[in-house]
Amino acid sequence: MGDNNFLHLARPLAPAAVSAAAPSTAPVSVTVQPQALFSILDHASRRPAEQERVIGTLLGTRSEDGTEVEIRNCYAVPHTETAEQVEVDMDYQKRMLELHLKAAPKEVLIGWYATSSELNTFSALIQNFYSQQGEGTFPHPAVHLTVSTIAGQDVKADTYISAPIGVTAERAADSCLFIPVPHEIKYGEAEKSGLELIAGARDREDRSQLLQTDIETLERAIEQVLEMLERVSNYVSNVLDEEAEPSSALGQFLMNTLSLAPKVDPESIEKDFNNHIQDVLLVSYLANTIRTQIDLSNRLATAALTMGSGDGNNANAEQKGERKDRQQNQRQGAGQGGRRGEQ
Amino acid sequence: MAEVSIKDTPLKEVQIEALCVMRIIKHATQTFPTPATGFLTGMDINSQLQVTNTFPFPAAVPEASTTQDQYYQADAASLAAAAPRAKSNVGYQAEMIKMVKEVNVDAQGVGWYISTSMGNFVSQNFIENQFFFQRAADEKTVALVFDVSRTSQGSLSLKAYRLSPSFIAAYKEGKFTTESLQKSNLRYQDILVELPVQVHNSHLLTAFLHQIPQQPPQKTALDFPTSLSELSHDPNISSNPLAPNLDSLDLSIDPFLEKTCDLLLDSIENHQTEQNNAQYYQRSLAREQAKIQQWQQKRKQENVLRAQQKQTPLPEDEWQKLFKLPQEPSRLESLLVGRQVEQYARQVDGFSAVVSGKMFGVKGNLLPGELA
């Protein structure tokens with residue numbers, strides 16, 4: 001046998017092989033934060049009329065072993081696409097990345113997005129550009145997020161990573177194997193209230209919603225809870241009447257939930273209730289008193305002169321205002337003590 | 001001129017794209033408790049200001065202290081608060097606008113945002129920033145104030161403020177003396193004008209939101225869970241993005257009161273400092289005036305004497321050269337303290353309204369039949 005007779009085969013890396021073998025650099029789970037998605041949708045609606053899809057860069061964080069990726073932010077990158085060629089403004093991408101890193105140094109380049117779910121040769125080209133060595137995401141594969149924005153169809157998001165494929169160097173440059181990876185949309189605690197409001201505008205004709213006050217939010221939350229309670233109690237009474245199918249799991253769950261109700265004796269409830277409500281009212285009263293006092297003192301400071309009296313009087317008036325303020329505070333303190341004593 | 005263009009079509013309301021809301025929330029919660037600041041772009045249509053995009057200002061890096069201007073010497077909080085005016089950020093802002101313009105984003109600056117905690121935002125820095133924005137360009141700019149800690153209590157707290165024209169006029173002159181305040185009749189209530197804010201979704205976003213499964217599920221038959229553990233691990237239940245937000249039912253009272261009292265005390269302290277300054281000024285003014293009067297009398301007597309001796313009288317207004325009246329301290333800070341306290345008071349009012357409702361609810365629930 002000749003020593004140099006070998007057949008070279010390039011085997012695409014299958015996802016199973018990648019995750020099973022030695023430490024891999026492929027993300028297994030991708031988390032998308034809503035603001036990134038919103039931004040992509042915004043970009044999609046601002047695309048030039050003649051352009052089928054627009055692309056942009058995804059930024060976010062990557063866990064140390066590279067298996068978890070969180071997409072936190074993104075920005076649009078201008079590109080032109082014709083039947084024969086694709087042009088991505090790489091200079092723009094580079095400068096924009098710099099600017100973003102300045103504001104959020106913790107976010108790194110993750111990959112790119114496109115606003116159509118189609119994967120074609122150009123996708124492969126761009127994908128290879130994003131995952132290249134140096135400026136790209138190398139050694140981690142770039143994450144590709146597609147968000148379909150075709151009128152009349154659902155907005156569908158997909159995430160992919162890629163593996164190199166192709167027999168020759170030239171072919172490898174413009175081809176790659178897109179491997180779908182699971183993704184989920186996650187939001188933080190603080191974003192919940194923002195999202196709720198945004199979702200509130202969902203069913204409105206003008207697609208907008210005024211910001212709500214605390215008490216309105218509370219009202220809505222209580223209404224929602226009441227509605228849910230009613231549903232549950234309806235179901236339970238239906239089961240009792242043998243009209244609905246019982247479920248032991250649901251029953252168990254309800255029992256567990258009911259047992260969470262605290263057992264406290266009425267006296268301590270009464271005491272805690274009074275304590276807290278008095279604290280609240282007191283602080284509210286105090287705040288308003290202080291506001292009035294400060295207003296008064298400011299007014300006295302500026303008003304004394306208009307009455308034609310001298311500067312000395314002005315200073316006196318101010319002092320008086322200040323003293324009153326303090327007296328008031330002391331009285332408050334006494335009141336607080338007294339009220340506490342009553343209990 | 002500022003006043004003219006404001007009078008032309010005054011801004012009546014602010015409309016924010018959902019995208020901007022999310023971006024502000026993200027930026028603010030990431031940097032909390034340091035305030036986050038950023039730039040707003042959009043456009044103004046008649047009396048409505050539309051905010052369609054935002055980008056954060058870079059958090060000023062302490063390492064840059066040697067090369068940058070004076071703001072960089074300060075601590076992180078004031079550093080961030082001063083960011084909108086910092087020289088380095090003007091360049092950043094200009095470049096960013098140039099970049100986003102290329103991808104068809106509205107490139108007109110419409111203001112800035114700042115995050116805060118418990119409504120503690122009225123400060124010299126805030127005023128200076130907004131003045132910086134409202135003075136420049138075509139004046140239609142707002143300051144969005146996002147309250148991180150109040151948002152975590154359940155309802156989104158995002159407010160839009162502008163400086164009132166009368167305050168701008170006073171601030172331009174830079175004079176906040178007793179006299180000028182009497183003349184302009186400026187009160188702390190007149191510093192900031194609040195504008196109603198509404199959130200707006202794009203068509204695509206509306207479509208997307210409609211697609212996300214809603215909670216609670218519609219009243220159709222659902223499959224029963226086979227076991228308890230399945231129920232608690234059901235992805236539909238645990239991780240629904242639009243599940244009803246029941247945070248506002250949370251009954252946490254003491255931390256809020258504690259924080260409010262702390263902040264109120266701070267404000268009172270500031271107020272007192274200002275009062276002391278004013279008093280000190282009044283005293284030294286009185287002292288100087290007494291001295292001047294003494295001098296004038298002396299000069300008069302001298303002149304009478306000289307007149308008797310048929311000499312030319314000495315000028316009587318020379319005192320202006322000899323004595324220097326003390327500068328009156330600016331009353332701006334006390335105005336701001338007043339405004340800040342008002343903010344706290346309103347906040348507490350709102351809080352007590354909500355909380356007493358919740359408390360009575362809890363009491364009625366735990367002590368059925370005993371509700372007074």
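The values are calculated or read from the model by the stated rules, or taken from the named source; none is laboratory data. These numbers were taken from a predicted model, which means no experiment stands behind them. FYI the Cβ positions are ideal-geometry reconstructions off the backbone, even for glycines, and counts take in every protein chain you see. Remember, those area values only see protein heavy atoms, side chains included, never the ligands or the DNA or RNA. Shrake-Rupley method; radii C 1.70, N 1.55, O 1.52, S 1.80 Å.
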Exercise. Given the structure, is residue B:331 within 10 Å of chain A (Cβ to nearest Cβ), surrounded by 15 or more Cβ atoms within 10 Å (Cβ to Cβ) and charged (D, E, K, R)?
Worked result: yes
Problem set entry | Residues being of a type in the set (D, E, K, R) and crowded, with 17+ Cβ neighbours inside 10 Å - total across segment A:94-126 | 2
For this session: Give the residues of segment A:209-239 that are surrounded by 16 or more Cβ atoms within 10 Å (Cβ to Cβ) and within 21 Å of the chain's Cα centre (by Cα), sorted by residue number.
Result: A:209, A:211, A:212, A:214, A:217, A:221
Problem set entry | Number of the exception - residue B:292 against (1) open to solvent by less than 50 Å² (accessible area, probe 1.4 Å); (2) of a type outside the set (Phe, Trp, Tyr); (3) within 34 Å of the chain's Cα centre (by Cα) | (3)
For this session: Please specify each residue of segment A:91-108 satisfying the condition of being part of a helix (DSSP H, G or I) and touching a residue at least 24 places away in the same chain (Cβ under 8 Å).
Result: A:93, A:94, A:96, A:97, A:100
For this session: Return the total of residues in segment B:258-271 being at the interface with chain A (Cβ under 10 Å from one of its Cβ atoms) and either out of contact with any helix residue (DSSP H, G or I) (no Cβ under 7 Å at 6 or more places or on another chain) or at pLDDT below 85 (or both).
Result: 2
Exercise. For segment A:240-277, how many residues meet the condition of being in a helix (DSSP H, G or I) and either crowded, with 17+ Cβ neighbours inside 10 Å or without any contact (Cβ under 8 Å) to a residue 60 or more places away in the chain (or both)?
Worked result: 21
For this session: Kindly indicate whether any position in segment A:166-177 is surrounded by 14 or more Cβ atoms within 10 Å (Cβ to Cβ), more than 7 Å from chain B (Cβ to nearest Cβ), modelled with pLDDT of 75 or more and outside any helix (DSSP H, G or I).
Result: yes
Exercise. Would it be correct to say that residue A:229 is farther than 30 Å from residue B:330 by Cβ and either at pLDDT below 85 or more than 10 Å from every other protein chain (Cβ to nearest Cβ) (or both)?
Worked result: yes
For this session: Spot the failing condition for residue A:107; the list is (1) of a type in the set (D, E, K, R); (2) within 14 Å of chain B (Cβ to nearest Cβ); (3) out of contact with any helix residue (DSSP H, G or I) (no Cβ under 8 Å at 6 or more places or on another chain), and only one is missed.
Result: (3)
For this session: Residues being touching a residue at least 12 places away in the same chain (Cβ under 8 Å) and of a type in the set (Gly, Ala, Ser): count how many of those fall in segment B:274-299.
Result: 2
Exercise. Modelled with pLDDT under 80 and in a helix (DSSP H, G or I) - does that describe any residue in segment B:122-138?
Worked result: yes
Exercise. Would you pick out the residues in segment B:146-165 that are part of a loop (DSSP other than H, G, I, E, B) and of a type in the set (Ser, Thr, Tyr)?
Worked result: B:152, B:155, B:157, B:164
For this session: Report yes if residue B:146 is within 11 Å of chain A (Cβ to nearest Cβ) and in contact with a Leu (Cβ under 7 Å, 6 or more places away or on another chain), otherwise no.
Result: yes
Seminar exercise, completed: For residue B:207, the lone unmet condition from (1) at pLDDT 75 or above; (2) open to solvent by 40 Å² or more (accessible area, probe 1.4 Å); (3) within 8 Å of another protein chain (Cβ to nearest Cβ); (4) in a loop (DSSP other than H, G, I, E, B) is (4)
Exercise. Which ones in segment B:85-104 are within 13 Å of chain A (Cβ to nearest Cβ), touching a helix residue (DSSP H, G or I) at 6+ places or on another chain (Cβ under 8 Å), surrounded by 17 or more Cβ atoms within 10 Å (Cβ to Cβ) and not polar (S, T, N, Q)?
Worked result: B:86, B:92, B:96, B:99, B:103
Problem set entry | Qualifying residues in segment B:102-120 (those that are in a loop (DSSP other than H, G, I, E, B) and in contact (Cβ under 8 Å) with a residue 40 or more places away in the chain) - the one nearest to residue B:29 (Cα to Cα) | B:117
Exercise. Among the residues of segment B:178-203 satisfying the criterion of being within 7 Å of chain A (Cβ to nearest Cβ) and in contact with a strand residue (DSSP E or B) (Cβ under 6 Å, 6 or more places away or on another chain), which is most open to solvent (accessible area, probe 1.4 Å)?
Worked result: B:196
Problem set entry | Residue satisfying condition, being at negative phi, of a type in the set (Gly, Ala, Ser) and more than 7 Å from chain B (Cβ to nearest Cβ), within set A:194, A:200, A:188 | A:200
Seminar exercise, completed: Residues in segment A:37-86 that are within 14 Å of chain B (Cβ to nearest Cβ), under 30 Å from residue A:139 (Cβ atoms) and in a loop (DSSP other than H, G, I, E, B) total 3
Seminar exercise, completed: Those residues of segment B:250-271 that are more than 16 Å from residue B:149 (Cβ to Cβ) and open to solvent by less than 60 Å² (accessible area, probe 1.4 Å) come to a total of 3
Exercise. Only one residue in A:70, A:81, A:52 is open to solvent by 40 Å² or more (accessible area, probe 1.4 Å) and touching a Gly at 6+ places or on another chain (Cβ under 8 Å), so which one is that?
Worked result: A:70
Exercise. Has segment B:272-282 got any residue that is surrounded by 13 or more Cβ atoms within 10 Å (Cβ to Cβ) and part of a loop (DSSP other than H, G, I, E, B)?
Worked result: no
